[in-house]
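None of the figures in this text is laboratory data; all of them are computed from the coordinates on show. Predicted model only: the values in this text are computed from it and were never measured. Every residue, glycine as well, gets a Cβ built from its backbone with ideal geometry; the counts of neighbours run over all protein chains shown.
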Amino acid sequence: MSQFKYCQGSKCHKYRTKDRIRGTKGQKYYATRRRSSFYYGNGNFCCQTCLYDWINEHIERALDHFGRTIEPKKVMCDQAWYKDYTYRSGGNHDHYFRNDLLGQSIPITLQQYDDDNLTTPNNLSQ
């Protein structure tokens with residue numbers, strides 16, 4: 001990835017900012033910036049402007065290539081569980097499995113909340 005150290009924005013070199021000026025007196029020009037440490041577009045762009053320039057230029061081809069959503073995606077009741085917590089001062093938060101579709105909230109421990117393998121209340125160890 002180190003060889004790709006420059007912003008991938010198609011118009012990056014056209015933006016007239018002082019940090020894009022390169023060259024010596026009489027031979028100055030605007031140049032593409034290095035990629036930013038802010039990780040715009042997974043670290044491929046120097047700023048959001050360049051990221052959105054690229055998106056606006058390539059989004060249609062990307063969607064055609066990778067596939068467009070042509071039907072709504074659904075999350076059914078039994079798959080709608082997520083972990084949540086209620087803030088309590090002093091750090092003693094209450095942790096839960098919640099399911100807004102079913103209107104249910106099941107208390108869990110902090111250890112269960114932190115366990116990435118525990119994704120639904122069905123696999124809670126009782």
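Over the Cα atoms of segment 77-123, each weighted equally, I'd like the Debye log10 I(q)/I(0) at q = 0.21, 0.24, 0.31 Å⁻¹, rounded to two decimals.
One equal scatterer on each Cα of segment 77-123 leads to -0.68, -0.84, -1.19.
Each residue of segment 51-65 in turn: what ³J(HN,Hα) in whole Hz from Karplus with 6.51, -1.76, 1.60 and θ = phi - 60°, glycine and Pro shown as x?
Using θ = phi - 60°, the values come out as 4, 5, 4, 5, 4, 4, 7, 10, 4, 5, 5, 4, 5, 5, 6 Hz.
Specify which labelled value, from [x] -0.66; [y] -0.39; [z] -0.72, agrees with log10 I(q)/I(0) by the Debye sum over Cα atoms at q = 0.11 Å⁻¹ derived from the coordinates of the model shown.
Recomputing log10 I(q)/I(0) by the Debye sum over Cα atoms at q = 0.11 Å⁻¹ here gives the entry labelled [z].
Report the FRET efficiency, 1/(1 + (r/R0)^6), for L101 and L63, where r is their Cβ-Cβ distance and R0 is 41 Å, rounded to 0.05.
Computed FRET efficiency for L101 and L63 comes out at 0.90.
Under a cut-off of 23 Å between alpha-carbon atoms, report the lysines in cross-link reach of K5, not counting same-chain residues fewer than 8 places apart.
The qualifying lysines are K14, K18, K28.
Put +1 on the Cβ of every Lys and Arg and -1 on every Asp and Glu Cβ in the chain; which of T120, Q104, P72 then has its Cα farthest towards the positive end of the dipole?
After comparing all options, I get P72.
May I ask you to list the trypsin sites (Lys or Arg not before Pro) in segment 41-98 that are in a DSSP loop and have at most 10 other Cβ atoms within 10 Å of their Cβ?
Numbers: sites: R61, R68, K73, K74, K83, R88, R98; in loops: R68, K73, K74, R88.
Those satisfying the criteria are R68, K73, K74, R88.
Mind checking the dipole of segment 12-66: about its Cα centre, +1 per Lys or Arg Cβ, -1 per Asp or Glu Cβ, Debye to the nearest 20? Could the numbers behind the result be given before it?
Working: 11 positive and 5 negative charges, 132 e Å.
Computed about the Cα centre, the dipole is about 640 debye.
Nothing charged except the Cβ atoms of Lys and Arg (+1) and of Asp and Glu (-1): what's the magnitude of the dipole of segment 77-123 about its Cα centre? Round to the nearest 20 debye.
The calculation lands at about 140 debye.
About the Cα centre of the chain, what is the dipole size in debye to 20, counting +1 per Lys and Arg Cβ and -1 per Asp and Glu Cβ, all else neutral? Don't jump to the answer; show the numbers that get you there.
Details: 19 positive and 13 negative charges, 318 e Å.
It works out to roughly 1520 debye.
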